[in-house]
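In what follows, a single structure is set out as structure tokens and then discussed.
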Amino acid sequence: QVQLVQSGAEVKEPGASVKVSCKTSGYTFTDHFIHWVRQAPGQGLEWMGWINPKSGDTKSAQKFQGRVTMTGDTSINTASMELDSLTSDDAAVYFCARRAGNRRHYDNWGQGTLVTVSS
Amino acid sequence: QSVLTQPPSVSGAPGQRVTISCTGSSSNIGAGYDVHWYQQLPGTAPKLLIYANDDRPSGVPDRFSGSKSGTSASLAITGLQAEDEADYFCQSFDNTLSGHVVFGGGTKLTVV
């Protein structure tokens, strides 16, 4: 079955960077875009961007441009998202999600990675 | 402020029918882009409930249904059960700002 398993919780100081990984299994990694979505405590979902694992192409929300790097490693079927220059506003649960196809919905999600930003 | 607008909360008694609205604009839902719905139980990842406006993934009960008209979409839940208590989010695509995915702010469903 399709699985997306994310790396564990992180605690970072303001100004630092965080890298979250998303290991996939149960399907062909290069057949589906991986998107990143975050959720601040008690808040809604916020789209961050996507990576096409086949080509390596990425696109990020304007808000994160210049601060987010999304990569994919086809040898280990894993996508990663690195966010730089963290502030307290970046404290959130970060999810990876598999785009199902050309209808732009997400049929499988990672379990989420809690990122805490604190000095 | 979310691009798609949802009521913060709705409630209903077991067995009743509730609807959750998702209002957008001419650059997203009104432009013809699909609307998808997710259910999020506390402390868990969102789960796909409805995709492409009114399709249900296998395993989702037919108590859940979706519709779309103009710049809005709705999720209906009939035969409300205690286990339906969760947060519900709508999602679509917006063709402004170089095009990107947009979500509603979420609706907390309480089964009273």
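The values are calculated or read from the model by the stated rules, or taken from the named source; none is laboratory data. Worth saying up front: this structure is predicted, and the values here are computed from it rather than measured. Reconstructed Cβ throughout: ideal geometry from the backbone, glycine too, with neighbour counts over all protein chains shown.
Among the strands (runs of 3 or more DSSP E) lying completely within the range B:20-112, list those that include at least 1 residues that are within 11 Å of chain A (Cβ to nearest Cβ) and within 25 Å of A:G110 (Cβ to Cβ).
Strands (runs of 3 or more DSSP E) meeting the threshold: B:36-40, B:47-50, B:86-94, B:100-103, B:107-111.
Taking the condition under 25 Å from B:Y51 (Cβ atoms), small (G, A, S) and touching a helix residue (DSSP H, G or I) at 6+ places or on another chain (Cβ under 7 Å), does A:G49 pass?
Against the criterion (under 25 Å from B:Y51 (Cβ atoms), small (G, A, S) and touching a helix residue (DSSP H, G or I) at 6+ places or on another chain (Cβ under 7 Å)), A:G49 qualifies.
Look at B:S25 and say whether it is under 26 Å from A:F33 (Cβ atoms), among the hydroxyl-bearing types (S, T, Y) and touching a Phe, Trp or Tyr at 6+ places or on another chain (Cβ under 7 Å).
No.
Looking for something in a strand (DSSP E or B), of a type outside the set (S, T, N, Q), away from every other protein chain (no Cβ under 13 Å) and farther than 25 Å from A:G110 by Cβ - is there at least one such residue anywhere in the range B:1-13?
yes
Scanning the range A:93-119 for residues that are of a type in the set (F, W, Y) and at the interface with chain B (Cβ under 10 Å from one of its Cβ atoms), which turns out farthest from A:S7 (Cα to Cα)?
Once the filter is applied, the top-ranked residue is A:Y106.
Would you check if there is a residue in the range B:4-12 being buried (at least 20 other Cβ atoms within 10 Å of the Cβ) and in contact (Cβ under 8 Å) with a residue 24 or more places away in the chain?
Yes.
Within the range B:83-112, can you find the residues that are acidic (D, E) and within 26 Å of B:G43 (Cβ to Cβ)?
B:E83, B:D84, B:E85, B:D87
Filter the range A:101-119 for residues that are surrounded by 15 or more Cβ atoms within 10 Å (Cβ to Cβ) and more than 25 Å from B:P42 (Cβ to Cβ) and give the result.
The answer is A:R103, A:R104.
When B:T23 is evaluated against the numbered criteria (1) surrounded by fewer than 16 Cβ atoms within 10 Å (Cβ to Cβ); (2) more than 25 Å from A:C96 (Cα to Cα); (3) in contact with a Gly (Cβ under 9 Å, 6 or more places away or on another chain), which criterion, by number, is the only one it fails?
Answer for B:T23: the failing condition is (1).
Name every residue in the range A:39-78 that is on the phi > 0 side of the Ramachandran plot and modelled with pLDDT of 95 or more, in order of residue number.
A:G49, A:G56, A:N77
Working carefully through the options A:S80, A:S60, find the one that is within 14 Å of another protein chain (Cβ to nearest Cβ), in contact with a Gly (Cβ under 9 Å, 6 or more places away or on another chain) and buried (at least 16 other Cβ atoms within 10 Å of the Cβ).
None of the others qualify; the one that does is A:S60.
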